[in-house]
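In what follows, a structure is listed as structure tokens, so that the remarks can point back to it.
The values are calculated or read from the model by the stated rules, or taken from the named source; none is laboratory data. Nothing here was measured: the structure is a model prediction, and the numbers come from that model. Note: ideal-geometry Cβ built from the backbone for every residue, glycine included; neighbour counts use all protein chains shown. Ligands, DNA and RNA are stripped out before the accessible areas are found, and what is left, the full protein with its side chains, is counted by its heavy atoms. Shrake-Rupley method; radii C 1.70, N 1.55, O 1.52, S 1.80 Å.
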2 protein chains.
Amino acid sequence: MPDAIMIVPFIGVLSLIIAMSVYLYVKRRPPSGTPSMQEVEGMIHEGAMAFLKKEYLGLVLFMICAVPLLWFFFKEWYTPGAFVSGFLSSIISVHIGVKTATRGNSRAAEAAQKHGKQAEALKISYLSGSVVGLSVGGLGLLCLGAWFWMLGGDPNISRYVSGFTLGASCVAIFFRLGGGIFTKAVALGSELAVKIEAGIPQDDHRNPGVIANKVGGNAGEIAGMVADLFESYAAAIIAAAVIGAVITVSPEFMEKFPVLKGKEAGTVKGLFTGLPVLIAIAGQISSFAGIVSMKAFKGPRSVAFLRFNIYLADLIFVALAALVVSRMGLPSGIFWAVFSGVVCGILISLLYEYYTSGPPATYTYEKARSGPAAVIISGIILGMRSACLPLIVLGAAVFTGYCTAGLYGLGMAAIGMLSTIGVEMTIDAHGTITDNIGSISEMPDRGFSLRGINEGLDRIGATAKAIGRGFATGSSALTAIAVFTAYALMTGLKTVNVINPPVLAGVFIGAMIPMFAAAKILGSVGKAAFKIVEEIRRQFRAIPGLLEGRDGARPDPETCVSVATGAAIKEMICPGLAALICPVAVGLLFGSEVLGGMILGTVITGLLLSLFMANAGGAWDNAKRYIETGRFGGRGSDNHRAAKAGVMVGDPFKDASGPGMNVIVKTVPVVSLVITPFLKPGGLFLGL
Amino acid sequence: MPDAIMIVPFIGVLSLIIAMSVYLYVKRRPPSGTPSMQEVEGMIHEGAMAFLKKEYLGLVLFMICAVPLLWFFFKEWYTPGAFVSGFLSSIISVHIGVKTATRGNSRAAEAAQKHGKQAEALKISYLSGSVVGLSVGGLGLLCLGAWFWMLGGDPNISRYVSGFTLGASCVAIFFRLGGGIFTKAVALGSELAVKIEAGIPQDDHRNPGVIANKVGGNAGEIAGMVADLFESYAAAIIAAAVIGAVITVSPEFMEKFPVLKGKEAGTVKGLFTGLPVLIAIAGQISSFAGIVSMKAFKGPRSVAFLRFNIYLADLIFVALAALVVSRMGLPSGIFWAVFSGVVCGILISLLYEYYTSGPPATYTYEKARSGPAAVIISGIILGMRSACLPLIVLGAAVFTGYCTAGLYGLGMAAIGMLSTIGVEMTIDAHGTITDNIGSISEMPDRGFSLRGINEGLDRIGATAKAIGRGFATGSSALTAIAVFTAYALMTGLKTVNVINPPVLAGVFIGAMIPMFAAAKILGSVGKAAFKIVEEIRRQFRAIPGLLEGRDGARPDPETCVSVATGAAIKEMICPGLAALICPVAVGLLFGSEVLGGMILGTVITGLLLSLFMANAGGAWDNAKRYIETGRFGGRGSDNHRAAKAGVMVGDPFKDASGPGMNVIVKTVPVVSLVITPFLKPGGLFLGL
């Protein structure tokens, strides 16, 4: 383990301090001006806190069950401790994200209203985004750095830190799966309530569903993305470190690389184990540079601005990574593996943008003329087609990583993609916050409209979110592959041989999990929505004067959000447990190789479903937005109705089940990695 | 090779003779009575022939390219010869199928009209179906039996017969992919034409699109299913024979089975190679028994009747298979592998029925109340969920087959499922023919209606088709796995190790192929439909008096069908070539192990897509049929419109892209099997 590892936690703390200062700066900005705006802001904030409170309740219960279980199996406190630290740091990241987003949102809306200009609103939402970005990266570095620093010399370090990822994975299940169901259920529920109950005001903050919907679009989306990316980040670093620790550094291996001459095998392994976090520091510094570069960027804050941020950060990162690798005296192939990860990340994001808002998506808009079925089928075609090129890009990244640095290269490619999480998370949070400026300031009883500005904000918000979505999917895939490799090395498996029929059967079982989970999540949205409809109707009956808009009659969005969150968590249990329990069951019963097959099946199918659903959903969403700009007949036309049917299918695709796949794809290998000490080659059945 | 092999071709010929006699019996039945009916029948027949003619043209061109290519690579005439024989026997099966179906159709319609009873119509359509079923099995046995008889002792027999499957696969691409696109394109095109061109009569035989549509629903569907099942049948038998020929029969192996004591290793191998065709004979005899059992079945000809046929045939088959295995002195494990295939076939068909017309589908009907988007999303959920249990069943069959008879068991499980192809194909063709009785006799200008009877016919037809669809998907999966195993053994691969990153990249590429093909096929339907619209409009402009319905003005359905078939073939080239060329390219460039990974990716994804699309499509179709019986508001209601949106998405799913996946899933491993002599472990790139 290189000595430089001790700087890792400090960089983490430094990032958090910077994030905190930016947060205080944003918080000092004038909040919502008019009393009505303040009321809305207050209700959204309350709702967001109610969402978090309910989620925390579920998480605490989960932790109370999980920690003794881990202790019981591992008979030591490091693994459960790492689990708790991963669990808590993911929760803290989410908390910071949600808090900043709701604060930043109202302040950006106020800026947009007061100055009537995009630039000011975008600046505030970007700064808020950067708080999220810097703290996600910072927390990851702080905790992982601390673990590596404390236990760097321990031979069981791989096992301990894999507990950390498991913690992050469990939180991701709650926020990405549960949060996704919550977000789409409140959207659907508040829409249905208006349809079912005559007289309930639409788009009015008297309707508790409207507030809940805004909580979903804001807090729910941020929370899901933060937990998802935090999981990827932690898992990628740990997978690479585990691969580094377990990989065989034979004399022949050493001889192949002149730079390693004279080093001891143990030293080289130590360097391999420590390198991932050091590269992650390079990423965090580059992210910071990318974020600061917003000052240097001339020209209007447009989509080009977002790209400029990311590419600059990537460029600096590549340079720093080259420096780190060469200063540590490691073969240059490792750098190239990192580089392939960076390129893979850029390409997958671009492909996502291309499919959801480029020429292929235009085709979907046009289909609106032929009715809802045509819109839907064209989106399905687009979704299927859009899964092809990303698969080739990922295959090429895996191949390049391997050719340049062996199995270790797979881990390093994942690190390469995820190190700049700071700037990527910033852009995504920025997108969500920007997207919500419009929805907050547009409530009809607010007495003013930002329509002119909003369209611009909308477009930038949508693009920023698209960049984030593409990144989340691609990074999940690379991370899952890296964890899979780490798993195989940890178990000492020489092969996961799919000609062996039990392994093949494992692949079948694995392929089933994402299908099952996706179906469950999609179905859950509808079920949870009905609970919300009931609650909305109950409030209108129970709170006197609410329906008539009498002064002092205030809805109770907190309860509404709480009901919705509870329903979402309940619905999340089934797919979440599938991802947690299937690997344990298959691994213990059929052994490590069959489990390897199962992981492969899950990763492949989950990845395909994620790409298919996210891209189809994105294209439908853009088709509707496009028509709403007034083309093809604009709002209220038949074309608009057709496009809306696409969105009704697409929204749960892109915000609930699609991103949910990212979590499934990572959780299955992560759980497998954690349980490696208990696996036997043939398991209970095949070992006989 | 056991001597009994010489009876195989004779059983084949016998089956063909029986099929021919039944055909002549059906043909002697009175054809359509009224002149108007005769006219319609004539046009459908002409259309079907035009469809076949155009397909044959494409096939001949394909063969002219393929045969010299095969000769060039193999430098001998057996492989191209086997290719041609597989190619031609598949074509002959299709021809018999289409011819019988169009003849049987009009005769069944006439019987329904004259006697006004279901029973008579069902009898004729069942007999017609049995012609198709017996001849598909018979042709397969005849040709394969002849090859095994002639070249049984040749050490290269495995390679030669794999050429046979390749021929069958290529024909399946033309008829299942091309035919599927044709079928759905004419359905969509004739619907669109009515919408676009004012005054074009709907559901009237003056409209050439209407006739083309009937050709699609009749000839197109039969041709696709025949070619698909013939491919499965040939591939399963050959895969099992190849596995038997290549498998290592070591002294330890012999010792494990007391029944093998005293036999020479060579003899055992010979028995293993010959057993698949002998088991297939048992299947053909049982199928015949199942078909004849229609006489014995008392009670009304309902869905129970169909099940009775299949289960009886399965029962007899299981008994005969046990007899064959024990008489040949082989271990009983082989019988259990066959048995697991039979059970797997039954379960998958039942699951298909359960999902498309059982309780889960009811949920889809109910969603019609919430509009088109809700119908579609509920169908998608159903499709995804419905893919789960079949995967477990297939995994269990693979596992059981392996546990009972090693790798050879995988081949025998596939044989077990496919041997009763005679009765399965009979039921499916019976379903298609029955389903079309209604559509033929319901043309409004015919002056009479069969509505009362039709509903019953419709239901039986739909169920019979559902049984066939489930069987086609399940058998494709098992066949693909068997061919995959045969491929691995032929190349001498010890492992297809997915931890090896190039192999993993191969899995990614493989997973892409079905996604790409499905997207292409779905898109093709729309594109080809527009060509048909143009042709229909051209005819109404060009043929004087056609629009007004003047006497003597006759549409030209032949040209319409020909245009549609041409367009479909053109659209089929891209996905078809992907399945043919990708394995060759990946195999030559990256070697046999990476190609193994690619096959796995294709099989898993293709299978999932096939189940997803076929089941979702089936459920939507049933929802519409259900509403059309008058419930939920019946025809013309909002609910009906919503259900129709589901069908617009679902029809290409279940009839074009879904079944198309079956062919892709088999063709990729079949091509790989054929090119094994040219594969090097590392290919051009990785071998360096």
Assigned charges on the beta-carbon of Lys, Arg, Asp, Glu; chain A dipole about Cα centre (debye): 540
More than 37 angstrom apart: percent of Cα pairs within chain B: 33
Whole-Å distance, taken between Cα centres, linking region A:35-96 and region B:72-131: 64
Dimensionless Rg/Rh of region B:568-607 - Kirkwood Rh, Rg from C-alpha atoms: 1.06
Solvent-accessible area per residue, Å², over chain A with all protein chains present [probe radius 1.4 Å]: 32
Relative compactness, region A:224-280, computed as alpha-carbon Rg over 2.2 N^0.38 Å: 1.40
Average silhouette area of region A:12-156, convex hull of alpha-carbon atoms, in square nanometres: 10.0
Size of charge dipole - the protein assembly as shown - debye, nearest 20, with Cβ of Lys, Arg +1 and Asp, Glu -1, no other charges: 660
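For a distance above 19 Å, tell me the whole-number percent of Cα pairs in region A:132-259 that qualify.
63
Filter the chymotrypsin sites (Phe, Trp or Tyr not before Pro) in region B:270-309 to those in DSSP coil with at most 16 other Cβ atoms within 10 Å of their Cβ, and list the result.
Here the chymotrypsin sites (Phe, Trp or Tyr not before Pro) that fit, given the DSSP loop and packing criteria, are B:Phe297.
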Mean Cα-pair separation over length for region B:484-603, i.e. relative contact order, pairs under 8 Å, 6 or more apart, %: 52
Separation of alpha-carbon centers, region B:397-417 and region B:651-677, rounded to whole Å: 21
Tail beyond 24 Å, pair distance distribution of region A:507-630 (Cα, percent): 54
Gap separating the Cα centres of region B:256-288 and region A:476-498, nearest whole Å: 40
Cβ-based net charge around A:Ala519, under 13 Å, with every Lys or Arg adding one and every Asp or Glu removing one: +2
Threshold 20 Å² - residues in region B:383-413 whose accessible area is reduced by that much or more when the chain is no longer isolated, probe 1.4 Å: B:Met384, B:Arg385, B:Cys388, B:Leu391, B:Ile392, B:Gly395, B:Val398, B:Phe399, B:Tyr402, B:Leu407
Region A:257-336, relative contact order [Cα under 8 Å, separation at least 6], %: 38
CD proxy at 222 nm, helix term only [per DSSP H run n ≥ 4: -39500 (n - 2.57); per residue of chain A; nearest 500]: -28500 deg cm²/dmol
Cβ charges +1 (Lys, Arg) and -1 (Asp, Glu), total dipole of region B:461-605, debye: 160
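Where Lys and Arg each count +1 and Asp and Glu each count -1, what net charge lies around B:Pro30 among other residues with Cβ under 11 Å from its Cβ?
Cβ neighbours under 11 Å give a net charge of +4.
Based only on Cα atoms, what mean projected area does the convex hull of region B:248-377 have, in nm²?
Result: 12.1 nm².
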Simple label model, 7 Å out from Cα along Cβ direction - A:Leu588 to A:Glu255, nm: 4.6
Percent breakdown of C-alpha pair distances by 10 Å bin, ordered from the shortest bin, for region A:547-614: 16, 26, 24, 15, 11, 6, 2
Rounded accessible area of B:Val60 (nearest 10 Å², 1.4 Å probe): 80
Positive minus negative residues near A:Leu134 (Lys, Arg vs Asp, Glu; Cβ under 15 Å): -1
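Could you run the numbers on buried accessible area between A and B, total for both chains, 1.4 angstrom probe, in Å² to the nearest 100?
Approximately 5500 Å², summed over both chains.
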Exposure rank, largest accessible area first [A:Glu46, A:Glu191, A:Glu76; 1.4 Å]: A:Glu191, A:Glu46, A:Glu76
Heavy atoms of A:Trp147 accessible to a 1.4 Å probe, total area in Å² rounded to 10: 30
Ratio of Rg to Rh over region B:13-67 (Cα coordinates, Kirkwood Rh, two decimals): 1.17
For region B:484-531, diffusion coefficient by Stokes-Einstein and Kirkwood Rh (Cα), 10 °C, 1.306 mPa s, µm²/s: 119
Heavy-atom accessible surface of the protein assembly as shown: percent carbon and sulfur, 1.4 Å: 65
Kirkwood hydrodynamic radius of the protein assembly as shown, Cα pairs, Å: 32.4
Placed amide H near B:Asn500: partners under 5 Å, 5+ positions off or other chain: A:Val496
Length-normalised contact order of chain A in % [C-alpha pairs under 8 Å, at least 6 apart]: 21
Along each principal axis, Cα extent of region B:130-198, largest first, Å: 67, 27, 9
